[in-house]
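Worksheet: one structure, shown below.
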Amino acid sequence: MRALLPDPSVLADMDAAADRLAHAVRHGETIGVFGDYDVDGAASSALMIGLLRGLGCPVVYHVPDRLTEGYGPNGPALRALVGQGARLIVCVDCGTAAADALAVVHNQADVIVLDHHKIEGAPPPIRATVNPNRLDDSSGLGNLCAAAVAFLTAVATLRTLRRQGFFQTRPEPDLLGLLDLVALATVCDVMPLTGLNRAFVTQGLKVMARRARPGIAALLDVAQAKDRPTAFTCGFALGPRINAAGRISEADLGVRLLLCDDELEARSLAATLDAVNRQRQEVELSMLETAMAEAQRQSEAGHPTLLVAGADWHPGVVGIVAGRIKERFNRPACVAGIAAGFAKGSGRSVTGIDLGAAVIAARQAGILSTGGGHAMAAGFSLPSERLSAFHIFLNERLAAASELPGAADLAVEGALAVQGATVELARHLERLAPFGAGNDEPTLVLQRARVVRADRVGKEGNTIRAFVEGEGGGPRLKAMLFRARDGALTDALLSREGLPLHLAGTLRAEEWNGSVTPGFFISDAAMA
């Protein structure tokens, strides 16, 4: 952190934002925070709300409902914040492209945007837009999530207040204690874990391990994440539960949990989020089979891109299903739900194919009513009768995707014998963590491993636990395969033939009841 944390002033408009926030703090103004319903939105909202309340400001906030309000600021919600006394509104993880909506409160409240989304033109005419992806921003910090931008804004604001003598009679807030929120958002928004992001996540996980934030501690408990938190914990245990609320339930549940300072209430909110996540999984499964079948048909017909839609498919889950289709067929995939003759959807892409640019182009061509995103993900809406035209447009625009293989190549870092999969090696590899986008966990190949025993475990039976040994026998190694539905990989592991396999996956040191053993997590296999 000491080496990599930049001067926040390198970000365009940062000094203006810090000055206005410091003025609001010194005068005890009511501040409105307008957030977003995903993890980054919830974390950046909680960061700003908690900081400003700790500095003595009354804070009101709003998180839009995905179904009734959609993404980003809207006039009625902004007016409601002004009606509650807000004279300064801070939009986090949104607002960069919302000039028309923000104009609704012109001359009623100042507006600051703290965001990281791509922008096509000039920023809105407001007090400050702090966004490292502004066209005129030269900070080089475009890989930060919104919570990281909010953290740098907190650093700048406290620096301004310090210069103005605000802390001569009161203690300064502990900014490092906010890094658990930054780490959670950075991982869940799939930001590259290099440079400053690596420092944020490394230090934030240490904060998270102290369990000082009741909401995160309760969510760790309900997710049965007993080990020291890792980036994997954030991405697969905490993130989906917080995201589930914004997808199919109350949009502000995540913010409420992250702000909660009462342990009993935190446990109740965490249990609610866990239940909502299970409901989300059920909704996803109900859509997935139909969506996969149609995607299979399109893939066999040679479509470069896959576009599937269904009546009343839940718009909060279409992005997850698009991701599953993309992984299965190694093609850009878009999934939409249709209601009242209108389709709302989400897309996911593969490396090297810019889906966001294609969606923006389709909007500019008049095919889409709304649309935007970045290279790997996008959102869109359109009258359902234009879905075929949209698919044709995507196929023409992204024709290069037809050259992709049917499955993504799996890059491996090295090979080892089963006997070489030791705790010592796993601990050595841990030093490369945190793992995630831009810093993948090393994928290794266990050569010529024989499956001695394998069975399905877990409530739904979607996990396979296998024990493997080397060709010459020796110690057995536990290997796990998650999301193990039917397929060739599942069949190979459950086969009783005992044929040797090359197993690709990751090696980790697992702690259980005071003992540490090596564990291998399978991603693929090949016949030896």
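The values are calculated or read from the model by the stated rules, or taken from the named source; none is laboratory data. Everything numeric in this text was worked out from a predicted model, so none of it was measured. FYI the Cβ positions are ideal-geometry reconstructions off the backbone, even for glycines, and counts take in every protein chain you see.
Results, tabulated for the structure shown:
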read-out	value
Residue tally, condition surrounded by 10 or more Cβ atoms within 10 Å (Cβ to Cβ) and closer than 19 Å to Thr230 by Cα, over region 496-515	8
Residues of region 496-516 classified as modelled with pLDDT under 95 and hydroxyl-bearing (Ser, Thr, Tyr), total	1
From the options Asp274, Asp261, Asp221, residue that is loosely packed, with under 15 Cβ neighbours inside 10 Å and touching a Lys or Arg at 6+ places or on another chain (Cβ under 9 Å)	Asp261
Region 33-47, subset outside any helix (DSSP H, G or I), farther than 14 Å from His116 by Cβ and at pLDDT 95 or above, residue nearest to the chain's Cα centre (by Cα)	Phe34
Within region 479-495, considering residues that are loosely packed, with under 15 Cβ neighbours inside 10 Å and of a type outside the set (A, V, I, L, M, F, W, C), the one modelled with the highest pLDDT	Asp491
Exclusive hit being touching a helix residue (DSSP H, G or I) at 6+ places or on another chain (Cβ under 9 Å) and in contact (Cβ under 8 Å) with a residue 40 or more places away in the chain, set Val182, Val113	Val182
So Ala244, is it over 15 Å from Ala46 (Cβ atoms) and either within 19 Å of the chain's Cα centre (by Cα) or outside the structural domain of Arg66 (by TED's automatic domain parsing) (or both)	yes
Any pair with Cβ under 7 angstrom, 6 or more apart, that starts in region 325-346 at a residue that is farther than 15 Å from Thr370 by Cβ and ends at one that is among the basic types (Lys, Arg) and outside any strand (DSSP E or B)	Pro332/Lys326; Ala333/Lys326
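Matching residues to (1) among the hydroxyl-bearing types (Ser, Thr, Tyr); (2) over 26 Å from Gln281 (Cα atoms); (3) loosely packed, with under 14 Cβ neighbours inside 10 Å; (4) outside the structural domain of Ile325 (by TED's automatic domain parsing):
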position: Ser349; (1), (2), (3), (4): yes, no, no, no
position: Ala361; (1), (2), (3), (4): no, yes, no, no
position: Met376; (1), (2), (3), (4): no, no, no, no
position: Arg386; (1), (2), (3), (4): no, yes, no, no
position: Gly438; (1), (2), (3), (4): no, yes, no, yes
position: Val445; (1), (2), (3), (4): no, yes, no, yes
position: Ala449; (1), (2), (3), (4): no, yes, no, yes
